[in-house]
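Trainee: Handing you this structure, nothing more for now.
The values are calculated or read from the model by the stated rules, or taken from the named source; none is laboratory data. All figures in this text were calculated on a predicted structure; none of them were measured in a lab. Methodologically, a virtual Cβ is constructed for each residue, glycine included, from the backbone with ideal geometry; neighbour enumeration extends over all protein chains shown. Remember, those area values only see protein heavy atoms, side chains included, never the ligands or the DNA or RNA. Shrake-Rupley method; radii C 1.70, N 1.55, O 1.52, S 1.80 Å.
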Amino acid sequence: MAFIFSFPDVGEGIHEGRVVEWLVSEGATVAEDEALVKVETDKAVVELPSPRAGVVLKLHVAADTAIEVGDPLVTIGADGEAVPESSGPAPEVEDSVAVPVEAASAPTPVQATRRPLATPRTRVLARRLGVDLQDVRGSGSGGRITDEDVERAASGETSKEPQHSVSAASPVAPPAGRGEVTADGDVERVPLSHLRKVIASAMHTSKQTAAHVTHVDEADVTDLVAHYRNAKPAIEEQAGVKFSLLPFFIKAVVAALQRHPQFNASVDEHAQEMVLKKYYNIGIAVDTPEGLIVPVIKNADRKDMVTLASEVADVASRARSRELRLDELKGATCTVTNIGPLGGVFATPIINVPELAIVGLHKIMERPAVVDGDIVVRKQMYLSVSFDHRYVDGADGARFMTDLVGLVSNPGLLMARL
(Lines give C-alpha, C1' and ligand atoms only; values in the text may rest on other atoms or scores of the structure.)
Protein backbone atom coordinates (compact mmCIF):
# COMPACT_ATOMS: atom_id res chain seq x y z
CA MET A 1 0.00 0.00 0.00
CA ALA A 2 1.38 3.40 -0.98
CA PHE A 3 2.05 5.86 1.82
CA ILE A 4 3.06 9.47 2.31
CA PHE A 5 6.19 10.40 4.24
CA SER A 6 5.73 13.87 5.73
CA PHE A 7 8.23 16.36 7.13
CA PRO A 8 8.71 15.20 10.73
CA ASP A 9 9.01 17.28 13.87
CA VAL A 10 12.76 17.35 14.55
CA GLY A 11 12.34 19.22 17.82
CA GLU A 12 13.96 22.44 19.10
CA GLY A 13 10.74 24.33 18.37
CA ILE A 14 11.38 24.06 14.63
CA HIS A 15 8.19 24.26 12.60
CA GLU A 16 9.52 24.88 9.12
CA GLY A 17 12.45 24.16 6.87
CA ARG A 18 13.58 24.18 3.25
CA VAL A 19 14.19 21.31 0.88
CA VAL A 20 17.81 21.64 -0.14
CA GLU A 21 18.30 18.63 -2.40
CA TRP A 22 16.48 15.44 -3.30
CA LEU A 23 18.77 12.40 -3.08
CA VAL A 24 16.29 10.18 -4.97
CA SER A 25 14.10 10.64 -8.03
CA GLU A 26 10.64 9.45 -8.96
CA GLY A 27 10.73 5.81 -10.03
CA ALA A 28 13.80 5.02 -7.96
CA THR A 29 13.84 2.04 -5.63
CA VAL A 30 14.83 2.95 -2.07
CA ALA A 31 15.84 0.79 0.86
CA GLU A 32 14.69 1.30 4.42
CA ASP A 33 16.85 3.96 6.10
CA GLU A 34 18.22 5.19 2.74
CA ALA A 35 18.63 8.96 2.74
CA LEU A 36 15.81 10.59 0.77
CA VAL A 37 16.28 14.33 1.02
CA LYS A 38 18.40 17.07 2.56
CA VAL A 39 16.39 19.63 4.50
CA GLU A 40 17.65 22.86 6.03
CA THR A 41 16.17 23.40 9.50
CA ASP A 42 17.17 26.38 11.61
CA LYS A 43 20.99 26.38 11.30
CA ALA A 44 21.60 22.74 10.42
CA VAL A 45 21.11 20.65 7.32
CA VAL A 46 19.70 17.19 7.98
CA GLU A 47 19.23 14.09 5.87
CA LEU A 48 15.83 12.42 6.28
CA PRO A 49 15.93 8.62 5.86
CA SER A 50 13.19 6.55 4.29
CA PRO A 51 11.01 4.86 6.91
CA ARG A 52 10.60 1.77 4.68
CA ALA A 53 11.67 0.19 1.41
CA GLY A 54 9.77 0.73 -1.81
CA VAL A 55 9.56 2.72 -5.02
CA VAL A 56 9.42 6.53 -5.08
CA LEU A 57 6.04 7.19 -6.66
CA LYS A 58 5.93 10.96 -6.26
CA LEU A 59 8.03 13.82 -4.94
CA HIS A 60 5.55 16.31 -3.51
CA VAL A 61 7.86 19.35 -3.30
CA ALA A 62 10.68 20.68 -5.43
CA ALA A 63 14.16 21.58 -4.24
CA ASP A 64 14.51 25.05 -2.70
CA THR A 65 10.92 24.92 -1.44
CA ALA A 66 9.85 25.97 2.04
CA ILE A 67 8.02 23.29 4.03
CA GLU A 68 6.32 23.01 7.40
CA VAL A 69 6.05 20.10 9.80
CA GLY A 70 3.41 17.71 8.48
CA ASP A 71 3.78 18.72 4.82
CA PRO A 72 3.98 15.68 2.48
CA LEU A 73 7.45 15.08 1.08
CA VAL A 74 7.32 11.84 -0.87
CA THR A 75 4.93 9.00 -1.69
CA ILE A 76 6.50 5.52 -1.57
CA GLY A 77 4.79 2.32 -2.67
CA ALA A 78 5.18 -0.92 -4.57
CA ASP A 79 6.74 -1.19 -8.01
CA GLY A 80 4.16 -0.23 -10.64
CA GLU A 81 1.66 1.05 -8.12
CA ALA A 82 -0.12 4.21 -9.24
CA VAL A 83 -0.40 7.32 -7.14
CA PRO A 84 -4.10 7.74 -6.26
CA GLU A 85 -5.74 10.84 -7.67
CA SER A 86 -6.89 11.78 -4.19
CA SER A 87 -3.38 11.89 -2.78
CA GLY A 88 -2.88 15.42 -1.55
CA PRO A 89 -1.49 17.09 1.54
CA ALA A 90 -1.10 14.56 4.31
CA PRO A 91 -2.48 15.13 7.79
CA GLU A 92 -0.03 16.17 10.49
CA VAL A 93 1.56 13.01 11.87
CA GLU A 94 4.18 11.97 14.34
CA ASP A 95 7.86 11.83 13.40
CA SER A 96 8.56 9.33 10.63
CA VAL A 97 5.07 7.80 10.69
CA ALA A 98 4.10 6.16 7.40
CA VAL A 99 0.58 7.32 6.52
CA PRO A 100 -1.32 5.25 3.92
CA VAL A 101 -2.32 7.38 0.94
CA GLU A 102 -5.85 6.01 1.06
CA ALA A 103 -6.17 7.34 4.59
CA ALA A 104 -5.18 10.87 3.68
CA SER A 105 -8.73 11.75 2.75
CA ALA A 106 -10.54 9.06 4.72
CA PRO A 107 -13.26 10.23 7.11
CA THR A 108 -12.16 7.87 9.88
CA PRO A 109 -9.00 8.21 11.99
CA VAL A 110 -5.99 6.15 11.02
CA GLN A 111 -4.09 4.27 13.68
CA ALA A 112 -0.40 4.42 12.74
CA THR A 113 2.50 2.84 14.56
CA ARG A 114 5.31 5.16 15.57
CA ARG A 115 8.64 4.18 14.06
CA PRO A 116 11.70 4.92 16.18
CA LEU A 117 13.62 7.95 14.92
CA ALA A 118 17.22 7.12 14.05
CA THR A 119 19.72 7.75 11.30
CA PRO A 120 20.77 4.94 8.93
CA ARG A 121 24.15 4.70 10.68
CA THR A 122 22.47 4.34 14.06
CA ARG A 123 20.15 1.60 12.73
CA VAL A 124 23.12 -0.33 11.35
CA LEU A 125 24.85 -0.01 14.73
CA ALA A 126 21.71 -1.26 16.50
CA ARG A 127 21.49 -4.30 14.26
CA ARG A 128 25.18 -5.05 14.80
CA LEU A 129 24.82 -4.82 18.59
CA GLY A 130 21.52 -6.69 18.65
CA VAL A 131 19.54 -3.74 20.04
CA ASP A 132 15.82 -3.37 19.35
CA LEU A 133 15.23 0.34 18.72
CA GLN A 134 11.66 0.00 19.94
CA ASP A 135 13.09 -0.51 23.43
CA VAL A 136 15.47 2.47 23.32
CA ARG A 137 14.63 5.91 24.63
CA GLY A 138 16.07 8.50 22.27
CA SER A 139 17.99 11.44 23.72
CA GLY A 140 18.06 13.36 20.44
CA SER A 141 15.68 15.99 19.14
CA GLY A 142 12.08 14.82 19.00
CA GLY A 143 13.15 11.55 20.65
CA ARG A 144 15.68 10.68 17.94
CA ILE A 145 17.88 7.72 18.93
CA THR A 146 21.62 8.41 18.80
CA ASP A 147 24.62 6.08 18.55
CA GLU A 148 25.27 6.72 22.23
CA ASP A 149 21.72 5.64 23.12
CA VAL A 150 22.25 2.36 21.27
CA GLU A 151 25.62 1.75 22.91
CA ARG A 152 24.15 2.42 26.36
CA ALA A 153 21.28 0.06 25.63
CA ALA A 154 23.72 -2.64 24.48
CA SER A 155 25.65 -2.30 27.74
CA GLY A 156 22.50 -2.31 29.85
CA GLU A 157 22.64 1.38 30.77
CA THR A 158 19.64 3.70 30.61
CA SER A 159 19.51 6.54 28.15
CA LYS A 160 20.35 10.10 29.09
CA GLU A 161 17.79 12.87 29.12
CA PRO A 162 17.00 14.21 25.64
CA GLN A 163 19.76 16.48 24.31
CA HIS A 164 18.23 17.30 20.92
CA SER A 165 20.89 15.90 18.61
CA VAL A 166 20.31 15.37 14.92
CA SER A 167 22.40 14.10 12.06
CA ALA A 168 23.72 16.70 9.66
CA ALA A 169 24.58 16.86 6.01
CA SER A 170 26.43 18.96 3.49
CA PRO A 171 26.48 22.74 3.17
CA VAL A 172 23.69 24.66 1.50
CA ALA A 173 24.41 26.09 -1.92
CA PRO A 174 23.88 29.86 -2.09
CA PRO A 175 20.60 30.81 -3.75
CA ALA A 176 20.79 31.89 -7.36
CA GLY A 177 19.90 35.49 -8.13
CA ARG A 178 17.95 36.94 -11.01
CA GLY A 179 18.67 40.09 -12.93
CA GLU A 180 16.29 43.00 -13.14
CA VAL A 181 16.46 46.33 -14.92
CA THR A 182 15.13 49.29 -12.94
CA ALA A 183 14.83 52.97 -13.82
CA ASP A 184 18.05 53.62 -11.89
CA GLY A 185 20.06 50.76 -13.34
CA ASP A 186 20.62 47.01 -13.23
CA VAL A 187 20.09 45.08 -10.01
CA GLU A 188 20.25 41.45 -8.96
CA ARG A 189 17.60 39.96 -6.67
CA VAL A 190 18.86 37.15 -4.46
CA PRO A 191 16.33 35.29 -2.29
CA LEU A 192 17.02 35.31 1.44
CA SER A 193 18.26 31.93 2.62
CA HIS A 194 16.52 30.14 5.47
CA LEU A 195 19.60 30.79 7.64
CA ARG A 196 19.54 34.51 6.83
CA LYS A 197 15.87 34.66 7.81
CA VAL A 198 16.69 32.93 11.10
CA ILE A 199 19.53 35.39 11.77
CA ALA A 200 17.35 38.37 10.90
CA SER A 201 14.60 37.21 13.22
CA ALA A 202 17.06 36.57 16.07
CA MET A 203 18.76 39.95 15.68
CA HIS A 204 15.43 41.76 15.54
CA THR A 205 14.19 39.94 18.62
CA SER A 206 17.38 40.77 20.51
CA LYS A 207 17.30 44.47 19.67
CA GLN A 208 13.58 44.73 20.38
CA THR A 209 13.88 42.84 23.69
CA ALA A 210 17.20 43.55 25.39
CA ALA A 211 18.35 47.01 26.48
CA HIS A 212 21.81 46.89 24.88
CA VAL A 213 24.78 48.60 26.50
CA THR A 214 28.39 48.03 25.40
CA HIS A 215 31.38 48.59 27.68
CA VAL A 216 34.81 48.80 26.02
CA ASP A 217 38.24 48.57 27.62
CA GLU A 218 41.82 48.19 26.42
CA ALA A 219 44.18 45.36 27.32
CA ASP A 220 47.93 45.04 26.96
CA VAL A 221 48.38 41.49 25.70
CA THR A 222 52.12 41.65 24.98
CA ASP A 223 52.96 39.02 27.60
CA LEU A 224 50.02 36.83 26.62
CA VAL A 225 51.08 36.80 22.96
CA ALA A 226 54.66 35.97 23.98
CA HIS A 227 53.44 33.11 26.19
CA TYR A 228 51.26 31.82 23.37
CA ARG A 229 54.04 31.94 20.79
CA ASN A 230 56.39 30.05 23.11
CA ALA A 231 53.80 27.33 23.76
CA LYS A 232 52.33 27.02 20.25
CA PRO A 233 55.04 24.90 18.49
CA ALA A 234 55.26 22.30 21.27
CA ILE A 235 51.49 22.03 21.70
CA GLU A 236 50.86 21.63 17.98
CA GLU A 237 53.60 19.02 17.66
CA GLN A 238 52.56 17.02 20.72
CA ALA A 239 48.78 17.33 20.48
CA GLY A 240 48.41 17.56 16.71
CA VAL A 241 45.96 20.46 16.89
CA LYS A 242 46.01 23.96 15.48
CA PHE A 243 46.57 26.14 18.53
CA SER A 244 45.32 29.72 18.59
CA LEU A 245 44.93 32.50 21.13
CA LEU A 246 41.20 31.93 21.40
CA PRO A 247 41.40 29.25 24.15
CA PHE A 248 43.23 31.74 26.39
CA PHE A 249 40.40 34.23 25.94
CA ILE A 250 37.74 31.56 26.50
CA LYS A 251 39.40 30.63 29.79
CA ALA A 252 39.67 34.29 30.78
CA VAL A 253 35.99 34.88 29.96
CA VAL A 254 34.97 31.82 32.01
CA ALA A 255 37.02 33.06 34.97
CA ALA A 256 35.37 36.48 34.74
CA LEU A 257 31.93 34.86 34.49
CA GLN A 258 32.63 32.88 37.64
CA ARG A 259 33.29 36.12 39.50
CA HIS A 260 30.31 37.87 37.92
CA PRO A 261 27.53 35.26 37.62
CA GLN A 262 24.92 37.74 36.36
CA PHE A 263 26.74 37.67 33.00
CA ASN A 264 26.33 33.87 32.83
CA ALA A 265 22.59 33.96 33.25
CA SER A 266 19.18 34.29 31.67
CA VAL A 267 15.90 35.65 33.01
CA ASP A 268 12.65 33.78 33.55
CA GLU A 269 10.34 36.69 32.89
CA HIS A 270 7.21 34.71 33.75
CA ALA A 271 8.53 33.86 37.22
CA GLN A 272 10.42 37.16 37.48
CA GLU A 273 13.61 35.32 38.43
CA MET A 274 17.21 35.55 37.25
CA VAL A 275 18.53 32.10 36.36
CA LEU A 276 22.23 31.98 37.29
CA LYS A 277 23.88 29.15 35.37
CA LYS A 278 26.33 26.97 37.31
CA TYR A 279 27.78 25.64 34.08
CA TYR A 280 29.78 27.50 31.45
CA ASN A 281 28.78 26.79 27.85
CA ILE A 282 30.51 29.31 25.61
CA GLY A 283 29.04 30.17 22.23
CA ILE A 284 31.66 30.86 19.55
CA ALA A 285 30.50 33.11 16.71
CA VAL A 286 31.68 31.66 13.38
CA ASP A 287 31.61 33.55 10.09
CA THR A 288 30.38 31.26 7.30
CA PRO A 289 29.52 31.85 3.64
CA GLU A 290 25.82 31.52 4.48
CA GLY A 291 25.92 33.76 7.56
CA LEU A 292 26.78 33.82 11.25
CA ILE A 293 26.52 30.51 13.10
CA VAL A 294 27.20 30.11 16.84
CA PRO A 295 28.25 26.60 17.89
CA VAL A 296 28.58 25.99 21.61
CA ILE A 297 31.58 24.69 23.56
CA LYS A 298 29.97 22.82 26.45
CA ASN A 299 31.49 22.93 29.96
CA ALA A 300 34.40 25.12 28.90
CA ASP A 301 35.47 25.52 32.53
CA ARG A 302 36.31 21.80 32.74
CA LYS A 303 38.49 21.65 29.63
CA ASP A 304 42.16 22.45 29.19
CA MET A 305 43.24 24.82 26.47
CA VAL A 306 44.47 22.07 24.14
CA THR A 307 41.02 20.45 24.29
CA LEU A 308 39.39 23.82 23.74
CA ALA A 309 41.61 24.48 20.72
CA SER A 310 40.66 21.13 19.23
CA GLU A 311 36.93 21.63 19.83
CA VAL A 312 36.92 25.20 18.52
CA ALA A 313 38.67 24.13 15.31
CA ASP A 314 36.29 21.21 14.92
CA VAL A 315 33.00 23.09 15.40
CA ALA A 316 34.19 26.05 13.34
CA SER A 317 35.04 23.76 10.43
CA ARG A 318 31.73 21.91 10.67
CA ALA A 319 29.83 25.18 11.01
CA ARG A 320 31.24 26.32 7.66
CA SER A 321 30.32 23.01 6.02
CA ARG A 322 26.90 22.98 7.76
CA GLU A 323 27.60 19.67 9.49
CA LEU A 324 26.77 20.71 13.05
CA ARG A 325 24.18 18.85 15.09
CA LEU A 326 21.34 20.90 16.53
CA ASP A 327 22.48 20.18 20.10
CA GLU A 328 25.81 21.83 19.24
CA LEU A 329 23.95 25.08 18.52
CA LYS A 330 21.96 25.19 21.75
CA GLY A 331 22.56 25.80 25.44
CA ALA A 332 25.10 28.64 25.41
CA THR A 333 25.33 30.68 28.62
CA CYS A 334 27.51 33.45 27.16
CA THR A 335 28.89 34.09 23.66
CA VAL A 336 32.35 35.17 22.49
CA THR A 337 32.79 36.78 19.08
CA ASN A 338 36.33 37.11 17.76
CA ILE A 339 36.11 40.09 15.40
CA GLY A 340 39.79 41.02 15.49
CA PRO A 341 41.07 38.94 12.56
CA LEU A 342 38.56 40.68 10.28
CA GLY A 343 39.88 44.15 11.13
CA GLY A 344 38.38 47.28 12.60
CA VAL A 345 38.99 49.03 15.92
CA PHE A 346 36.07 47.68 17.94
CA ALA A 347 32.40 46.82 17.49
CA THR A 348 29.21 46.55 19.54
CA PRO A 349 28.00 42.94 19.13
CA ILE A 350 24.32 42.10 19.58
CA ILE A 351 23.38 39.86 22.50
CA ASN A 352 22.41 36.30 21.61
CA VAL A 353 19.16 36.19 23.60
CA PRO A 354 18.17 34.66 26.00
CA GLU A 355 21.78 35.15 27.12
CA LEU A 356 22.49 38.40 28.93
CA ALA A 357 25.95 39.18 27.55
CA ILE A 358 28.32 38.77 24.61
CA VAL A 359 32.08 39.41 24.73
CA GLY A 360 33.85 40.91 21.72
CA LEU A 361 37.54 40.28 20.99
CA HIS A 362 39.03 42.93 18.73
CA LYS A 363 42.19 43.46 16.72
CA ILE A 364 45.60 43.11 18.37
CA MET A 365 47.81 45.99 17.26
CA GLU A 366 51.21 47.37 18.16
CA ARG A 367 50.71 50.79 19.72
CA PRO A 368 52.84 53.17 21.78
CA ALA A 369 52.25 52.88 25.50
CA VAL A 370 53.70 54.44 28.63
CA VAL A 371 55.40 51.81 30.84
CA ASP A 372 57.29 52.97 33.95
CA GLY A 373 57.51 56.47 32.50
CA ASP A 374 58.90 55.34 29.15
CA ILE A 375 57.11 55.22 25.80
CA VAL A 376 57.40 51.69 24.41
CA VAL A 377 55.70 49.62 21.75
CA ARG A 378 53.18 47.14 23.18
CA LYS A 379 50.65 44.73 21.73
CA GLN A 380 47.26 46.07 22.70
CA MET A 381 43.64 45.30 21.91
CA TYR A 382 40.14 46.43 22.75
CA LEU A 383 37.73 44.11 24.52
CA SER A 384 34.00 44.75 24.69
CA VAL A 385 31.05 43.32 26.54
CA SER A 386 27.49 44.03 25.41
CA PHE A 387 24.93 43.27 28.11
CA ASP A 388 21.24 43.63 28.85
CA HIS A 389 20.94 46.78 30.95
CA ARG A 390 17.52 45.69 32.18
CA TYR A 391 19.16 43.13 34.44
CA VAL A 392 22.84 44.10 34.57
CA ASP A 393 24.02 47.51 35.77
CA GLY A 394 26.71 49.57 34.06
CA ALA A 395 28.94 49.30 37.13
CA ASP A 396 28.74 45.50 36.84
CA GLY A 397 29.87 45.79 33.23
CA ALA A 398 32.87 47.87 34.29
CA ARG A 399 33.83 45.37 37.01
CA PHE A 400 33.47 42.42 34.63
CA MET A 401 35.65 44.09 32.02
CA THR A 402 38.27 45.14 34.60
CA ASP A 403 38.66 41.51 35.67
CA LEU A 404 38.75 40.26 32.08
CA VAL A 405 41.38 42.82 31.08
CA GLY A 406 43.44 41.94 34.16
CA LEU A 407 43.44 38.26 33.24
CA VAL A 408 44.48 38.64 29.59
CA SER A 409 47.06 41.28 30.48
CA ASN A 410 48.71 38.99 33.01
CA PRO A 411 49.03 35.41 31.72
CA GLY A 412 50.57 34.34 35.03
CA LEU A 413 47.38 35.39 36.81
CA LEU A 414 45.31 33.65 34.15
CA MET A 415 47.29 30.42 34.52
CA ALA A 416 46.74 30.55 38.27
CA ARG A 417 42.97 30.62 37.70
CA LEU A 418 42.92 27.54 35.43
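Trainee: Which pairs turn up if I take residues in the stretch 394-405 that are over 11 Å from Phe263 (Cα atoms) and look for partners that are at pLDDT 95 or above and part of a helix (DSSP H, G or I) with beta carbon separation below 7 Å, at least 6 apart in sequence or on another chain?
Mentor: Between residues of the stretch 394-405 that are over 11 Å from Phe263 (Cα atoms) and residues that are at pLDDT 95 or above and part of a helix (DSSP H, G or I), the close pairs are Asp403/Ala256; Asp403/Arg259; Leu404/Ala252; Leu404/Val253; Leu404/Ala256.
Trainee: In the stretch 349-370, what count of residues is obtained for those that are without any contact (Cβ under 8 Å) to a residue 24 or more places away in the chain and closer than 15 Å to Met274 by Cβ?
Mentor: As a first pass, look at the stretch 349-370 and keep what is without any contact (Cβ under 8 Å) to a residue 24 or more places away in the chain: 362, 365-368, 370.
Applying the additional criterion that residues be closer than 15 Å to Met274 by Cβ yields none.
Qualifying residue count for the region: 0.
Trainee: If you don't mind, there's one more thing I want to ask. Scan the stretch 186-193 and give yes if some residue there is touching a residue at least 40 places away in the same chain (Cβ under 8 Å) and either of a type in the set (Ser, Thr, Tyr) or at positive phi (or both), otherwise no.
Mentor: yes
Trainee: In the stretch 323-349, what count of residues is obtained for those that are of a type in the set (Ser, Thr, Tyr) and under 14 Å from Val312 (Cα atoms)? Break it down stepwise before answering.
Mentor: Here is the first cut: in the stretch 323-349, the residues of a type in the set (Ser, Thr, Tyr) are 333, 335, 337, 348.
Within this subset, residues satisfying the condition of being under 14 Å from Val312 (Cα atoms) are 335, 337.
Total satisfying the criteria: 2.
Trainee: Something else about it: Scan the helices (runs of 4 or more DSSP H) fully inside the stretch 193-298 and keep the ones with 2 or more residues being among the acidic types (Asp, Glu) and out of contact with any Leu (no Cβ under 6 Å at 6 or more places or on another chain).
Mentor: Details: elements: 194-209, 222-239, 246-259.
Because the criterion is at least 2 residues that are among the acidic types (Asp, Glu) and out of contact with any Leu (no Cβ under 6 Å at 6 or more places or on another chain), the helices (runs of 4 or more DSSP H) in the stretch 193-298 that meet it are 222-239.
Trainee: Would you mention how many residues in the stretch 271-320 are in contact with a strand residue (DSSP E or B) (Cβ under 9 Å, 6 or more places away or on another chain), under 19 Å from Asn338 (Cα atoms), surrounded by fewer than 17 Cβ atoms within 10 Å (Cβ to Cβ) and among the aliphatic types (A, V, I, L, M)?
Mentor: So the count comes out to 0.
Trainee: Something else now. Is there a residue in the stretch 83-102 that is open to solvent by 40 Å² or more (accessible area, probe 1.4 Å), modelled with pLDDT of 50 or more and either farther than 12 Å from Phe3 by Cα or among the polar types (S, T, N, Q) (or both)?
Mentor: Yes; the residues of the stretch 83-102 include at least one that is open to solvent by 40 Å² or more (accessible area, probe 1.4 Å), modelled with pLDDT of 50 or more and either farther than 12 Å from Phe3 by Cα or among the polar types (S, T, N, Q) (or both).
Trainee: Given the options Lys330, Lys379, name the one that is of a type in the set (Lys, Arg) and under 19 Å from His227 (Cα atoms). Step through it out loud before you land on a result.
Mentor: Working: Lys330 fails: under 19 Å from His227 (Cα atoms).
The match here is Lys379.
Trainee: All but one of (1) modelled with pLDDT of 80 or more; (2) crowded, with 20+ Cβ neighbours inside 10 Å hold for Thr119, so report the exception by its number.
Mentor: So the condition that Thr119 fails would be (1).
Trainee: Is it true that Thr335 is open to solvent by less than 10 Å² (accessible area, probe 1.4 Å), of a type in the set (S, T, N, Q) and free of Cβ contacts under 8 Å to residues at least 60 places away in the same chain?
Mentor: On the way: open to solvent by less than 10 Å² (accessible area, probe 1.4 Å): yes; of a type in the set (S, T, N, Q): yes; free of Cβ contacts under 8 Å to residues at least 60 places away in the same chain: yes.
Against the criterion (open to solvent by less than 10 Å² (accessible area, probe 1.4 Å), of a type in the set (S, T, N, Q) and free of Cβ contacts under 8 Å to residues at least 60 places away in the same chain), Thr335 qualifies.
Trainee: Out of the residues in the stretch 250-298 that are in contact (Cβ under 8 Å) with a residue 24 or more places away in the chain and of a type in the set (D, E, K, R), which is farthest from Thr333 (Cα to Cα)?
Mentor: Filtering the stretch 250-298 for residues that are in contact (Cβ under 8 Å) with a residue 24 or more places away in the chain and of a type in the set (D, E, K, R), the one farthest from Thr333 (Cα to Cα) comes out as Glu290.
Trainee: Please work out if His389 is under 12 Å from Val216 (Cα atoms) and either surrounded by fewer than 15 Cβ atoms within 10 Å (Cβ to Cβ) or not small (Gly, Ala, Ser) (or both). Walk me through how you get there before you give the answer.
Mentor: Working: under 12 Å from Val216 (Cα atoms): no; either surrounded by fewer than 15 Cβ atoms within 10 Å (Cβ to Cβ) or not small (Gly, Ala, Ser) (or both): yes.
It is false that His389 is under 12 Å from Val216 (Cα atoms) and either surrounded by fewer than 15 Cβ atoms within 10 Å (Cβ to Cβ) or not small (Gly, Ala, Ser) (or both).
Trainee: A further question follows. Output yes when any residue across the stretch 340-356 is open to solvent by 50 Å² or more (accessible area, probe 1.4 Å), hydroxyl-bearing (Ser, Thr, Tyr) and under 20 Å from Pro247 (Cα atoms), and no when none is.
Mentor: No: zero hits.
Trainee: A follow-up question, please. Could you tell me whether Val371 is over 16 Å from Leu292 (Cβ atoms) and either open to solvent by 30 Å² or more (accessible area, probe 1.4 Å) or of a type in the set (A, V, I, L, M) (or both)?
Mentor: The answer is yes for Val371.
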